[in-house]
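Single-structure report; data block below.
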Amino acid sequence: MKFAVIVFPGSNCDLDMYHAVTDALGEEASYVFHTETSLDGFDAVLLPGGFSYGDYLRCGAIAQFSPIMEEVKRFATEGKPVLGVCNGFQVLVEAGLLPGVLLRNKELKFMCRTTRLKVANASTCFTSDYADGEVIDIPIAHGEGNYYCDDATYAMLKTHGQIAFTYVDNPNGSRGDIAGITNRTGNVLGMMPHPERAVEALLGSTDGLRLFTSLVKQGANHVKTTV
């Protein structure tokens, strides 16, 4: 399976994503710069954390206009997996691929620590290697990770099983303890915590690795059904 790691000016977790895929997962990955216009040959897209375009205007607001994002939208429309982590989540929201908005943390401070997540839906292509209700340890590192949406959107997320992860002890004020959501078709996931920083025991947790193994199994199953 081949992963595209999108690189914006100011991305700083692209190396982490690349390492998680190539070294921990044993799959293929390539960096794709924001100026590119093709994702041909890739099976999944990863939008890493960081401070794309310096977080001017709003986090992710400028990155959504990068040339590669039109291709990311096409990729997502075709039902292929797209994962946005931290700033990548913000980019997906700004690009209209996911609903809602990310606000400043409730304490108005940047936070960086390991937090506990609950797997709210283990039936997505990102979470199939987890169990529903399982609690996992994943690091966070953000200043604007407070997820907000209106009542109608929140009801939709719950009704259609789009809430993938919730916080056990909500660190940032996110509505409904939301830590990660998918689109309606389940092939686009945005999450604030960093699974790519929890792929080796040396890092303190391997709980993030199963998100990536879930994607690989999904890809293998797709090949079997299309051959």
Here the qualifying pairs (Cβ atoms under 8 Å; residues six or more apart or on different chains; first in the stretch 99-110 and β-branched (Val, Ile, Thr); second assigned to a loop (DSSP other than H, G, I, E, B)) come out as Val101/Cys149
So, in the stretch 195-209, exactly how many residues are crowded, with 24+ Cβ neighbours inside 10 Å and part of a loop (DSSP other than H, G, I, E, B)? 3
What are the residues in the stretch 1-32 that are closer than 25 Å to Cys112 by Cα, among the hydrophobic types (A, V, I, L, M, F, W, C) and either free of Cβ contacts under 8 Å to residues at least 40 places away in the same chain or assigned to a helix (DSSP H, G or I) (or both), if any? Leu15, Met17, Ala20, Val21, Ala24
Every listed condition ((1) without any contact (Cβ under 8 Å) to a residue 40 or more places away in the chain; (2) of a type outside the set (Gly, Ala, Ser); (3) surrounded by 15 or more Cβ atoms within 10 Å (Cβ to Cβ)) holds for Asn87 save (1)
Please give the number of the condition Cys59 fails out of (1) without any contact (Cβ under 8 Å) to a residue 60 or more places away in the chain; (2) touching a Gly at 6+ places or on another chain (Cβ under 9 Å); (3) in a loop (DSSP other than H, G, I, E, B). (1)
Mind counting the residues in the stretch 139-185 that are among the hydroxyl-bearing types (Ser, Thr, Tyr), in a loop (DSSP other than H, G, I, E, B) and surrounded by fewer than 16 Cβ atoms within 10 Å (Cβ to Cβ)? 1
Using the structure shown, decide if Cys86 is of a type outside the set (Gly, Ala, Ser) and under 16 Å from Gly49 (Cβ atoms). yes
Answer yes or no as to whether Ala24 is buried (at least 19 other Cβ atoms within 10 Å of the Cβ) and either farther than 23 Å from Ile140 by Cβ or touching a helix residue (DSSP H, G or I) at 6+ places or on another chain (Cβ under 8 Å) (or both). no
(1) aliphatic (A, V, I, L, M); (2) within 26 Å of Asn12 (Cβ to Cβ); (3) not in a helix (DSSP H, G or I): which one isn't true of Val72, the others all being true? (3)
Only residues that are touching a helix residue (DSSP H, G or I) at 6+ places or on another chain (Cβ under 7 Å) and assigned to a strand (DSSP E or B): list them for the stretch 108-138, please. Ile138
Unmet requirement for Gly100, which otherwise passes all of (1) touching a Ser or Thr at 6+ places or on another chain (Cβ under 9 Å); (2) under 16 Å from Asn146 (Cβ atoms); (3) crowded, with 24+ Cβ neighbours inside 10 Å: (3)
Those residues that are over 15 Å from Gly208 (Cβ atoms) and either crowded, with 17+ Cβ neighbours inside 10 Å or touching a Leu at 6+ places or on another chain (Cβ under 8 Å) (or both), I need them from the stretch 125-138; list them, please. Cys125
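Laboratory data are not the source of any read-out in this text; all were calculated from the coordinates shown. Note that this is a predicted model, so its numbers are computed, not measured. Using ideal geometry, Cβ is built from the backbone for each residue, glycine included, and neighbour counts are taken over all protein chains shown.
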